[in-house]
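What follows draws every value from the coordinates through simple rules; no lab data is involved. Being a predicted model, the structure only gives us computed values, none of them experimental. As a convention, Cβ positions derive from the backbone with ideal geometry for all residues, glycine included, and neighbour counts pool all protein chains shown.
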Amino acid sequence: MRAPSSPSSLLSKRAPKRPRGARGFTLIEVMMALTILTIGILGIISMQKSAVVTNNDAQQFTVATQLARTWLDRLNRDSTVWNHPSVQQAASDIADTLWLKAVNDGSLNYPKWFVPAAVDWTGFSESPAFDRNGADIAASASAALLNDTVYCTHVRLRWIYPDQLIRAEVRVFWRKKSLGAGSTYGTNVGFTSNMCPATGTSSVANAVMGQDTANFRWVYAVTSIARQGPK
């Protein structure tokens, strides 16, 4: 008859224990780790997307602000040919200006906004329409270039002191998104010539666009422009 095994022999037949540091991960632990990793990656991606959008918005506002200042400078320069009425000449010569003369245009009288006329000089243009880098797009440009219009300028003028001082307001706007063909502003307003037509006349669309903060962003600037002394 076989003798029963001793306790010591039973213990010796058991599988050896793994060291604590050699233990594996359970499926639940792996899934939890992957979940935490995924949440972290998604958070980083979301932050990156937000940073890109914020940087793009900041760049657009910076360009638009500079363009508004550019048009204020142009209007101030325009006043250099506005020297009368004066002791030497009783009649006003504001009609000799390029853009300030609109203050006396009945169809453009305050509070209407209008698109200032583009002027093509030799070698360069001064336009109400700009591309995404803030470069003027000439009124005589090809349709392809006109379709690159990103920013447009509106101007509003009114007398502070008749024949002496004008309040000039400039607003530069750009679209938030594309608009459909049924919009008030024309076919596919934004990135098309319809966004900034080469015209000096006021329109209902200009007034409506000024209230449309859902589709456009705006930068406003204002200055006072005085008649220059007679030369």
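Points to keep in mind about this one:
- Alpha-carbon centroid distance for the pair segment 103-121 / segment 140-157, whole angstrom: 15
- Taken one residue at a time, the phi angles of segment 98-112 give Karplus couplings (6.51, -1.76, 1.60, θ = phi - 60°) of 7, 10, 5, 4, 5, 4, 9, 7, x, 6, 10, 4, 3, x, 6 Hz. Gly and Pro are set to x.
- Charge sum, other residues only, whose C-beta stays under 10 Å from Trp218's C-beta, Lys/Arg counted +1 and Asp/Glu -1: +1
- Summed side-chain charge close to Ala90 - residues other than Ala90 whose Cβ falls under 14 Å, Lys, Arg +1, Asp, Glu -1: -1
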